[in-house]
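Following: one structure in structure tokens, then a few remarks.
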Amino acid sequence: ETGVTQSPTHLIKTRGQQVTLRCSSQSGHNTVSWYQQALGQGPQFIFQYYREEENGRGNFPPRFSGLQFPNYSSELNVNALELDDSALYLCASSAATAGQGYEQYFGPGTRLTVT
Amino acid sequence: SQQGEEDPQALSIQEGENATMNCSYKTSINNLQWYRQNSGRGLVHLILIRSNEREKHSGRLRVTLDTSKKSSSLLITASRAADTASYFCATVSTSGTYKYIFGTGTRLKVLA
């Protein structure tokens with residue numbers, strides 16, 4: 001167990017709806033990253049937050065947005081859901097400092113199904 | 001898009017044999033990491049190798065890095081049925097902001 005938790009475990013939404021996924025980082029970690037993993041694929045980097053500021057973003061549209069809170073918990077929000085958004089969403093925390101990329105500790109993921 | 005490409009895509013071996021999987025990437029990196037994923041669950045960090053390192057060991061794992069060829073390999077020695085999983089390499093770019101770019105993965109099956 002990594003100490004990173006995610007909620008909910010599973011979620012079913014309808015196309016066009018909005019969804020919020022939550023992540024609680026491992027204690028002492030100041031960086032959180034979110035990934036989308038389609039079936040049979042590797043995780044795709046959505047974005048990263050470091051001390052509540054966005055610190056990097058992958059090739060995802062603006063309808064994917066996030067927040068990191070002072071206690072380093074985090075949210076991923078997706079607006080106007082599309083069928084292709086169906087995937088496993090993973091968050092990962094790390095104790096990064098400027099100039100370094102550190103090992104990440106992943107949560108178990110949220111399985112989102114869009115119908 | 002995914003920077004890393006693992007090879008082979010799938011590997012099936014007998015328990016006790018060694019398993020080797022390779023990863024290629026495209027741009028300059030700060031470090032390269034290997035992760036394991038069981039059955040679509042969260043990933044588990046295995047080992048990190050920095051761009052100025054050439055080889056690293058951790059238990060039954062051996063990782064090599066060749067920055068001139070932009071490639072890395074993961075060797076699992078004396079494999080066990082419990083090693084059955086998907087293995088991913090992830091590169092951390094040197095672009096200033098941190099992007100972890102994962103490869104497509106190698107699905108390893110260890111037969112008892």
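The values are calculated or read from the model by the stated rules, or taken from the named source; none is laboratory data. All values derive from a computational prediction rather than experimental measurement. Don't worry about glycine lacking a Cβ; one is built from the backbone with ideal geometry, like all the others, and counts go over all protein chains shown. To get the accessible areas, we keep the full protein, side chains included, count just its heavy atoms, and leave off ligands, DNA and RNA. Shrake-Rupley method; radii C 1.70, N 1.55, O 1.52, S 1.80 Å.
Suppose a student asked you for the relative contact order of the stretch A:50-108, using Cα pairs under 8 Å spaced at least 6 residues apart; what percent would you report? Provide the component values of the computation, followed by the final result.
Numbers: 47 pairs, mean separation 12.9, N = 59.
Relative contact order here is 22 percent.
Can you list the residues in the stretch B:63-112 whose accessible area drops by at least 10 Å² when all protein chains are present, compared with the chain alone? Use a 1.4 Å probe, heavy atoms only.
In the stretch B:63-112, residues shielded by partner chains: B:88, B:97, B:98, B:99, B:100, B:102, B:104, B:107.
Run down the lysines and flag those whose C-alpha is under 29 Å from the C-alpha of residue B:70, throwing out any fewer than 8 positions away in its chain.
Straight-line reach from residue B:70, under 29 Å: B:26, B:56, B:99, B:109.
Which shape class applies to the protein assembly as shown: rounded if a/c is under 1.5, otherwise prolate when a/b exceeds b/c and oblate if not, where a ≥ b ≥ c are the square roots of the Cα gyration tensor eigenvalues?
Details: a/c = 1.83, a/b = 1.39, b/c = 1.31.
Prolate.
Determine the relative contact order of chain B: mean sequence separation of Cα pairs under 8 Å and six or more apart, normalised by residue count, in whole percent.
Numbers: 287 pairs, mean separation 42.9, N = 112.
Relative contact order for chain B comes out at 38 percent.
Between residue B:39 and residue A:71, take the C-beta separation as r, use R0 = 35 Å, and let me know the FRET efficiency to the nearest 0.05. Before the final figure, lay out each step's value.
Details: r = 31 Å, r/R0 = 0.88.
Computed FRET efficiency for residue B:39 and residue A:71: 0.70.
May I ask you to give the solvent-accessible area per residue for chain A, in square angstrom, as obtained with a 1.4 angstrom probe? Don't jump to the answer; show the numbers that get you there.
Numbers: 5310 Å² over 115 residues.
On a per-residue basis, chain A sits at 46 Å².
Chains A and B: what accessible area do they bury, summed, in square angstrom to the nearest 100, with a 1.4 Å probe? Before the final figure, lay out each step's value.
Numbers: alone 6300 and 6130 Å², together 10450 Å².
Interface between A and B: roughly 2000 Å².
What does the convex hull of the alpha-carbon atoms of the stretch A:1-111 project to on average, in nm²? Each step should come with its number before you reach the end.
Numbers: hull surface 26.7 nm².
One quarter of the hull surface, i.e. the mean projection, equals 6.7 nm².
In whole percent, and with a 1.4 Å probe on the protein chains, what portion of the accessible area of chain A is carbon and sulfur? Could you put the intermediate results ahead of the total?
On the way: 2590 of 5310 Å².
That share works out to 49 percent.
Binning at 10 Å from 0, report for chain B what percent of all alpha-carbon pair distances ends up in each bin.
Pairs per bin, as whole percents: 15, 50, 29, 6, 0.
What is the dipole size for the protein assembly as shown, taken about its Cα centre, with +1 at each Lys and Arg Cβ and -1 at each Asp and Glu Cβ, in debye to the nearest 20?
Details: 21 positive and 18 negative charges, 16 e Å.
Around 80 debye, computed over the protein assembly as shown.
Once you place label points 7 Å from the Cα toward the Cβ at residue A:95 and residue B:69, how far apart are they in nm?
Computed distance between label sites residue A:95 and residue B:69 equals 3.5 nm.
State in Å² the accessible area per residue of the stretch B:32-112; use a 1.4 Å probe, count heavy atoms of protein chains only, and round to the nearest integer. Walk me through the numbers on the way to the answer.
Numbers: 3520 Å² over 81 residues.
Roughly 43 Å² per residue, with all protein chains present.
Using Cα pairs closer than 8 Å and at least 6 residues apart in sequence, work out the relative contact order for the stretch B:55-96, in percent. The partial results should precede the final answer.
Values: 30 pairs, mean separation 10.7, N = 42.
Across the stretch B:55-96, relative contact order equals 25 percent.
With both partners inside the protein assembly as shown, how many of the DSSP beta bridges are antiparallel, as a percent to the nearest 5?
Antiparallel bridges: around 90 percent, rounded to the nearest 5.
Within 10 Å of each Cβ in A:103-112, how many Cβ atoms from other chains are there, averaged over the peptide? List each step's numbers first, then the result.
On the way: counts 9, 8, 4, 7, 3, 4, 5, 0, 1, 0.
So the per-residue partner count for this stretch is 4.
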